[in-house]
Amino acid sequence: MVLVYSPKNSYRLVYIMDLLLKELLGLSYRITKDEQEFLLHQGAKFSYAEKPVDTEPFFYATSLLFERGIKPQEISVFDWEGSKAFFATHPRYLMPFDPFAAAFYLVTRYEEYLPHTRDQYDRFDARQSLAYRKGFLQEPVVNRWAQRIGELLKQQYPALAVRHSTYRYVSTIDIDNAWAYREKGIFRSVGAMLRSLLQLNLNGLTERLAVVFGQKKDPYDTYSELETIREKYNLSCIYFFLLGDYGQYDKNVSASRRKFQSLIKSIADYNQCGIHPSYQSNEEPHRIALEQRRLSKVVRRDVTHSRQHFLKLKFPETYRQLLACDITDDYTMGYAQEIGFRAGICTSFNFYDLGAEQETSLRIHPFAVMDATLRNYMLLKPDEVIGRVAPLIRATKAVGGTFMSLWHNESLSDMHPWEGWKSTYEDIVKAATA
């Protein structure tokens with residue numbers, strides 16, 4: 001057991017100590033405000049305060065974890081390997097910044113509660129984040145800080161049993177559009193054919209007719225390929241199904257279609273499944289429960305996992321809405337515009353509601369890379385992808401984290417605009433499982 005001295009205590013302090021010490025390092029700990037008890041303790045210990053109590057290991061504490069409310073913060077983050085000058089003038093410090101406050105700021109997404117500009121889809125833009133501006137978005141820094149804390153404590157207390165977590169890869173697949181042409185209904189199909197005629201897109205019209213009349217496989221029907229890859233690499237996969245009503249940004253097949261329901265059932269036989277709350281559900285939160293019930297009825301079990309369509313996430317409203325629907329695990333934590341670690345971490349963690357100032361039971365599972373980010377925002381070519389993703393995989397492996405990818409069935413279709421991308425998913429799987 002590690003005894004932590006802090007002259008103050010708070011929900012924030014307990015939350016981040018639980019995450020870094022207990023979850024990431026496997027250490028039991030207790031916080032005390034009693035200096036005498038701390039001085040007499042013979043086992044592993046450290047102080048977290050403005051100044052050390054005695055000669056114990058010491059982390060300087062900024063004010064963030066002892067505040068209430070939300071206000072602009074000055075968060076310092078340094079590379080301890082290049083901080084010789086700092087340590088020369090601060091020999092008692094174990095690290096050149098407050099890793100507990102910095103980790104809290106990142107994992108709670110504190111900066112997303114502050115005033116900021118939203119993108120065209122009403123999302124927080126990665127380029128406004130501290131991690132992007134300071135150049136560490138592609139490093140799971142919270143895991144690295146925890147790892148460093150463990151190393152420093154181990155140096156002081158060699159008998160301390162610090163746990164080293166095991167690397168995992170999890171593949172997640174979003175089904176925004178189950179088929180390109182099939183099961184769209186008479187009105188949507190006729191409308192699409194008329195648009196093809198008006199745009200003189202005769203190839204598209206010919207392909208649609210061939211699929212509708214059963215002469216050709218639907219290009220988005222890549223499920224057998226996905227299943228083959230799952231079996232080949234023994235993957236843990238999670239599928240998220242969009243079952244919202246038709247709208248500007250919600251264009252999947254109707255949840256009432258029997259063939260769509262059969263597809264969902266067949267996928268659910270071998271994979272974990274979750275709901276993909278529609279874009280419209282952000283404006284009409286009651287739709288989350290409606291869409292959740294639709295999926296539950298099809299798979300005949302409770303649906304407790306989710307990922308927001310378009311990665312629409314607003315703090316704390318989105319997560320409060322999911323909690324109200326008994327969602328236990330959410331997989332939205334990642335950026336559309338950039339690859340990397342949105343919360344600075346590559347392991348799951350509980351959502352801390354800054355507005356209510358309390359830890360919740362909602363488990364957040366961050367992902368690091370999405371197919372649409374690579375093609376639509378970073379404008380990469382297929383042969384450039386692995387060179388950009390491999391460093392993320394290596395960084396995750398180095399800290400024993402979970403590397404999670406987000407892919408879509410259509411990006412294996414080789415249909416415009418995904419020509420040439422068919423093998424990219426397997427390339428990433430191969431690198432992530434090597």
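Every number in this text was worked out from the coordinates using simple rules, so none of it is lab data. Values in this document were obtained by computation on a predicted structure and should not be read as measured data. FYI the Cβ positions are ideal-geometry reconstructions off the backbone, even for glycines, and counts take in every protein chain you see.
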*Which one of Gln156, Pro52, Leu380 is farthest out on the positive end of the charge dipole of the chain, using unit charges on Cβ (Lys, Arg +1; Asp, Glu -1) and the Cα centre as origin?*
Leu380
_Gained length - Asp125 relative to Lys71, 0.36 nm times residue gap less alpha-carbon distance_ = 17.5 nm
*For Lys259, which lysines qualify as cross-link partners when the Cα separation must be under 18 Å and same-chain residues fewer than eight apart are set aside?*
Lys184, Lys216, Lys217, Lys251, Lys297
*log₁₀ of I(q)/I(0) at q = 0.17 Å⁻¹ - segment 2-156, Debye sum with one point per alpha carbon*: -1.05
*asked:* Please compute the volume of the convex hull spanned by the alpha-carbon atoms of segment 332-434 and report it per residue in Å³.
replied: 110 Å³
*In debye to the nearest 20, how big a dipole does segment 1-80 give about its Cα centre with +1 on each Lys and Arg Cβ and -1 on each Asp and Glu Cβ?*
260 debye
*Pull up all non-local amide H partners of Val2: gap of 5 or more, or a different chain, and H-to-H distance under 5 Å with H placed in the peptide plane.*
Ser28, Tyr29, Arg30
*Could you tell me what percent of the DSSP beta bridges with both partners in the chain are antiparallel, to the nearest 5?*
10 percent
*Residues in segment 413-434 that a label on Ser236 would reach, taking backbone N under 20 Å of a point 7 Å out along Cα→Cβ*: 426, 428-434
*Residues with amide H under 5 Å of Asn350's amide H, sequence separation 5 or more or different chain, H placed in the peptide plane at 1.01 Å from N; which?*
Ile364
*Could I have the simple spin-label model distance between Thr228 and Gln42, label points 7 Å from Cα toward Cβ, reported in nm to one decimal?*
6.5 nm
_Taking θ = phi - 60°, what integer Hz values does the Karplus form 6.51 cos²θ - 1.76 cosθ + 1.60 yield along segment 264-270, in sequence order, with x for Gly and Pro?_
4, 4, 5, 6, 5, 5, 10
*Each label point is 7 Å from the Cα along the Cα-to-Cβ direction; what then is the distance between the points at Ser423 and His286, in nm?*
5.2 nm
_Taking 28 Å as the cut-off for C-alpha to C-alpha distance, list the pairs among Lys51/Lys397; Lys8/Lys397; Lys45/Lys71; Lys312/Lys381 that go past it._
Lys51/Lys397; Lys8/Lys397; Lys45/Lys71
*Among Ser10, Ser281, what is the fewest-to-most ranking by other Cβ atoms within 10 Å?*
Ser10, Ser281
*asked:* Quick check for me: using +1 on Lys/Arg Cβ and -1 on Asp/Glu Cβ, what's the dipole size of the chain about its Cα centre, in debye to the nearest 20?
replied: 680 debye
*For the residues Cys346, Cys237, what sequence is obtained by ranking on other C-beta atoms within 10 Å, fewest first?*
Cys237, Cys346
_Stokes-Einstein translational diffusion, the chain - Kirkwood Rh over all Cα pairs, 1.306 mPa s, 10 °C, in µm²/s_ = 67 µm²/s
*With each run of n ≥ 4 DSSP H residues scored as -39500 (n - 2.57), what mean residue ellipticity at 222 nm is computed for the chain after dividing by its residue count and rounding to the nearest 500 deg cm²/dmol?*
-10000 deg cm²/dmol
*asked:* Explain nothing, just compute: Karplus ³J(HN,Hα) = 6.51 cos²θ - 1.76 cosθ + 1.60, θ = phi - 60°, for every residue of segment 110-126 in order, whole Hz, x for Gly and Pro.
replied: 3, 5, 7, 8, 7, x, 7, 8, 9, 7, 5, 9, 6, 10, 5, 8, 3
*Return Ser76, Ser28 ranked ascending by Cβ neighbour count within 10 Å, so the fewest neighbours appear first.*
Ser28, Ser76
*Could you tell me the distance between the Cα centroids of segment 319-384 and segment 101-129, to the nearest Å?*
12 Å
*Looking at Gly420, Gln215, Leu13, which one has the Cα that reaches farthest to the positive end of the dipole of the chain (charges on Cβ: Lys, Arg +1; Asp, Glu -1)?*
Gln215
